[in-house]
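Following: one structure in structure tokens, then a few remarks.
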Amino acid sequence: MQITNNKKEQHMDMIKREEYKYTPKQGFVLTHFKTVQDVKRSAAFYLRVFGGKVIRSGEPTIIQIANSWLVLNVGGGPTDDKPTITLRTPQNENEASSFMIIRVADIWVCYNEWQSRGAKFITEPKDHGVELRCYMRDPDGYIIEVGQTTGGLKDIKVG
């Protein structure tokens, strides 16, 4: 993976964005934004572990991972459209207010494969009845849940 601010390469990234339909023609696309300390380091992690594709490099970097989008950018102070908000990475690894969830077909295959690619898991997958679940950390300390539904979800009532 090579991330650059070269204008020609950024133009190519803009073409790729249309190719990967980051900009919807109707409806919307759900994208997860992460404030990171080092965009290149974080992008390398998500590309190496999950096999994503860089759609736009630089700051911000946009990555397509499976059927989802991830935007990585450094933190910063308020802007005109968020005048009282400062973006920053997690300040305490034992506290979280949100996390990404990845549902997989075979948790043990993903656990072993992603661990071999450098993912640091907090525990191995644990059986929680309706799902097998474990968590990993990215380079900035964000937690990522990895889960496999075991079939018990039909018993869960919504609403």
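The values are calculated or read from the model by the stated rules, or taken from the named source; none is laboratory data. These figures come from a predicted structure and were not determined experimentally. Cβ sites come from the backbone with ideal geometry, for glycine too, and all protein chains shown count toward neighbours. All accessible areas refer to the heavy atoms of the entire protein, side chains included, with ligands and DNA or RNA removed. Shrake-Rupley method; radii C 1.70, N 1.55, O 1.52, S 1.80 Å.
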### Filter result (open to solvent by less than 90 Å² (accessible area, probe 1.4 Å), farther than 15 Å from Tyr46 by Cβ and of a type in the set (A, V, I, L, M, F, W, C)) within the stretch 92-115
Ala96, Val104, Ile107, Val109
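How do the strands (runs of 3 or more DSSP E) wholly within the stretch 18-104 filter down when requiring 3 or more residues that are over 29 Å from Glu131 (Cα atoms) and over 15 Å from the mean Cα position of the chain (by Cα): which remain?
Details: elements: 31-36, 53-56, 61-65, 68-74, 100-103.
Output list is empty.
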### Summary
Note on the stretch 105-115: residues assigned to a helix (DSSP H, G or I) and either within 18 Å of the chain's Cα centre (by Cα) or among the hydrophobic types (A, V, I, L, M, F, W, C) (or both) are Ile107, Trp108, Val109, Cys110, Tyr111, Glu113, Trp114, Gln115
### Query
Of the residues Asn112, Asn73, Asn67, which is of a type in the set (S, T, N, Q) and at pLDDT below 95?
Asn67
### Residue check for Val130: modelled with pLDDT under 95 and either under 30 Å from Thr23 (Cα atoms) or of a type outside the set (Asp, Glu) (or both)
yes
### Message
Out of Thr84, Thr79, Thr35, Thr89, I need the residue that is more than 20 Å from Gln115 (Cα to Cα) and open to solvent by 80 Å² or more (accessible area, probe 1.4 Å). Which one?
### Response
Thr84
### Residue ID - farthest from Val146 (Cα to Cα), chosen from residues in the stretch 116-127 that are open to solvent by 80 Å² or more (accessible area, probe 1.4 Å) and either outside any loop (DSSP other than H, G, I, E, B) or modelled with pLDDT under 95 (or both)
Ser116
